[in-house]
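Structure, as structure tokens:
The values are calculated or read from the model by the stated rules, or taken from the named source; none is laboratory data. Computed from a predicted model, the values in this text were never measured in an experiment. Here Cβ is always computed from backbone atoms with ideal geometry, including for glycine, and neighbour counts include all displayed protein chains. Surface accessibility is based on the protein's heavy atoms, side chains included, excluding ligands, DNA and RNA. Shrake-Rupley method; radii C 1.70, N 1.55, O 1.52, S 1.80 Å.
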Amino acid sequence: MENLENAVPLTDFIASIPVSSLPRILQITSGVYLQSSVYDISGSECCLSTGDLLKLVDKELVSFSLVNLQTGKKKKLPNDFKGVFQVIVDNCVHGTLAELYEKLSCYSHAYWFTSQSDFIVGEHVIQKMCPIQLLSTDANTGCVECYIYDGPNSYYVKIPLSTKGQFYECENKEFYTVEQILEDPGLRKRNFRCENIGTGVYQLCPEYEIKTIMQMRKGFVMMPSSLEVDIVDISDHCGNITFIQPMSLKDIFDHQQTFPVVAEILETAEFQHMVKNDTYSVLQKGQKIIIYRKIVSKKILATGIKGKTSKFFYIYESYQGKFRQKPREFTSIFELWTKALEGIKLKVVVTQDCDSSDENFPSLCIGDHLQVLNHAKTVLTSSMGPQETDVLICNKGTAAEVDDDDDDDNDKPEEVMLPIYMEGRFVEEVEDTKKYNISNIIQRLKLPCDVKVVTKDTSLSNDPLAYFPSVRLEEIVEASALFVSLYDRASECFELPIKYFNISVVLLEDTVSSTTGLTNSTKVEELMECFYYNLRKDLPNQQPPPPRPPKREVKAMNKIPCNKPVRPKKTLPPKLKKSETFHSDILTAHCKMSSDESKRINEIDSVQKNMYITTPKKTASYEGSDSDHDYEEVLEQIQQLNST
């Protein structure tokens, strides 16, 4: 063991070493933890033997305390402590400047001193009690450069260290914060007073958590800097000492050039709060994986909606199910207007009468077809004077009129202006009934959009997306990842995102037999709710839609009714039971009865007219089937509206 005379306590060394100078190689020399003493660090049993080597990688300040040098008591300070400290000077008198310099040379900051007697330097006679600032040292000449403060006659001079006098340190008027003291190793060795705490003499003691690599141990070892061991820094003459090099996924992504590589997991990661994926549960300490290449993962963030239930998913491009666009529903002209602002041309059918509250705008009736043309502004005259309002320009008519591009004026649809505050119900007319895979559907439709799985992914034992009648494709998520597989299951590949998986590995020398024909075996991942919302925060902010206009008060007398002719409802005569036939016979002869009897029978007849037969509930189709039944229902509803 070398350089024992240079050994220092671990606490002092960690406090004095700047992070910029790391990593450093340290050797254990002596202390409490001698001869394979075993102790616990963060729940992991570890030992430090005399002669052991550590590679100091990083340090992080955990806390700092003040030690009262008069009482020996230690007081922990809060991390946001705002008090200031003043250096307590050394009042010891030194016979030569060299003695003073030796005492204060460990301080990295400039300091002031003086002499109790006059002394001569060259042509200068320096008066006693004159403040002198020591600035730097010239090792070649054995002199220190100083600044002599003598009012308007101040000057710089070099003073030999051999100069005799009665030298002592001057009082320091400066105040220092905790951060300034911790950043200056020289200041950290000084004693202080702090009026914010008391009148005692204090020494500041920081405590760090240090990140190390031990020569015979895989993985990083985190330990406190307060361990009572002495160390010596052998970084400059440690030779070809090799340490196992733990690497994070980000390290491999940024620095590894040659693939594929085999790695062993040293530290596992918690993923249960992120995704539900059985593959990730196998990524435990000691598991070997094959890293094939680095990729930019591309997947679709989606939400499955069924009633009030929502679940969140990643859909990968390897998903083999088929989708079809679902007709969107809108509850106001404003929602159609926002789509027009995005440049989306919609065709919708009115599913609820929309009575206009303003004579300047038409009403809409159930079954009307609207083709959104563009958005505009118009000026209306009111009791408040001319007012500008946003409107939506649409073609209004039947399905044939809206779809017909012929110039025949007889079949040309009516062009109408609709105010954006107009309420109503509208359903989108979806003309395309083709099935698309995930790649094609996101190319055809602008996200976000609503779709339905009409053909399940048969490679999945249970396709979770087929369970939902509506799946909202929200956004394309791209992230850096590594394409990997388990070492003993090389054909089952998956992606490891480097941002969310805090895994450390060590690279091995094992070889990989084949890397051809590898595909991602993960098709769908279910996300935990908290992870989904945190993910949404990290995604680029989207421009919010314009604020919804306030609803206008509608007076019944001002409503402009729908001008569509109201057809009487077709009613079928009820099928009479035997008992009902009996009453019917009585009704045919009601004129022959007394007025009391006629009144009683009329009451019976009134009750019978209000009777109804409960319609049996429709049997729900098999969930997750590949049936197109739900789209046929929408088409039937639109056809019924057209026929009316």
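See the values below:
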item: Every pair of residues 6+ apart whose Cβ atoms lie under 9 Å, when the first sits in segment 503-516 and is open to solvent by 40 Å² or more (accessible area, probe 1.4 Å) while the second is among the polar types (S, T, N, Q) and not in a strand (DSSP E or B); result: LEU507/GLN245; LEU507/GLN256
item: Residues being touching a strand residue (DSSP E or B) at 6+ places or on another chain (Cβ under 7 Å), at pLDDT 75 or above and within 13 Å of LEU26 (Cβ to Cβ) - total across segment 212-240; result: 13
item: CYS354 being modelled with pLDDT under 85 and in contact with a Leu (Cβ under 7 Å, 6 or more places away or on another chain); result: yes
item: Condition check for SER162: touching a Leu at 6+ places or on another chain (Cβ under 9 Å) and either open to solvent by 30 Å² or more (accessible area, probe 1.4 Å) or within 13 Å of LEU104 (Cβ to Cβ) (or both); result: yes
item: Condition broken by GLY95, with the remaining ones in (1) exposed (fewer than 13 other Cβ atoms within 10 Å of the Cβ); (2) modelled with pLDDT under 85 satisfied; result: (2)
item: Hey, LYS128 modelled with pLDDT under 85, touching a strand residue (DSSP E or B) at 6+ places or on another chain (Cβ under 8 Å), part of a loop (DSSP other than H, G, I, E, B) and among the basic types (Lys, Arg) or not; result: no
item: Selection within segment 134-150 - open to solvent by 40 Å² or more (accessible area, probe 1.4 Å) and more than 17 Å from HIS94 (Cβ to Cβ); result: LEU135, SER136, ASP138, ALA139, ASN140, THR141, GLU145, TYR147, TYR149, ASP150
item: Test: ASP403 is more than 30 Å from SER332 (Cβ to Cβ), at pLDDT below 90 and either among the basic types (Lys, Arg) or open to solvent by 40 Å² or more (accessible area, probe 1.4 Å) (or both); result: no
item: Exclusive hit being over 30 Å from THR29 (Cβ atoms) and of a type in the set (A, V, I, L, M, F, W, C), set LEU77, LEU66; result: LEU77
item: Among the candidates LEU77, LEU66, LEU61, LEU100, residue that is in contact with a Phe, Trp or Tyr (Cβ under 6 Å, 6 or more places away or on another chain), open to solvent by 20 Å² or more (accessible area, probe 1.4 Å) and among the aliphatic types (A, V, I, L, M); result: LEU61
item: Some residue of segment 322-336 being surrounded by fewer than 20 Cβ atoms within 10 Å (Cβ to Cβ) and touching a Cys at 6+ places or on another chain (Cβ under 7 Å); result: no
item: Of all residues making up segment 448-483, the number that are farther than 15 Å from SER310 by Cβ, open to solvent by less than 40 Å² (accessible area, probe 1.4 Å) and part of a loop (DSSP other than H, G, I, E, B); result: 2
item: Any hit, segment 305-312, residues being within 22 Å of the chain's Cα centre (by Cα), of a type in the set (Lys, Arg), open to solvent by 40 Å² or more (accessible area, probe 1.4 Å) and closer than 19 Å to PRO497 by Cβ; result: no
item: Check on VAL157, assigned to a strand (DSSP E or B), surrounded by 16 or more Cβ atoms within 10 Å (Cβ to Cβ) and free of Cβ contacts under 8 Å to residues at least 40 places away in the same chain; result: yes
item: Qualifying residues in segment 281-302 (those that are open to solvent by 10 Å² or more (accessible area, probe 1.4 Å) and among the hydroxyl-bearing types (Ser, Thr, Tyr)) - the one farthest from the chain's Cα centre (by Cα); result: TYR292
item: Only listed residue being open to solvent by 50 Å² or more (accessible area, probe 1.4 Å), at pLDDT below 85 and of a type in the set (S, T, N, Q), chosen from SER16, SER44, SER49, SER36; result: SER36
item: Pick from segment 300-341, criterion charged (D, E, K, R) and assigned to a helix (DSSP H, G or I), ranking: farthest from ASP355 (Cα to Cα); result: LYS339
item: Which listed residue, of LYS322, LYS345, LYS339, LYS308, is free of Cβ contacts under 8 Å to residues at least 24 places away in the same chain and not aromatic (Phe, Trp, Tyr); result: LYS308
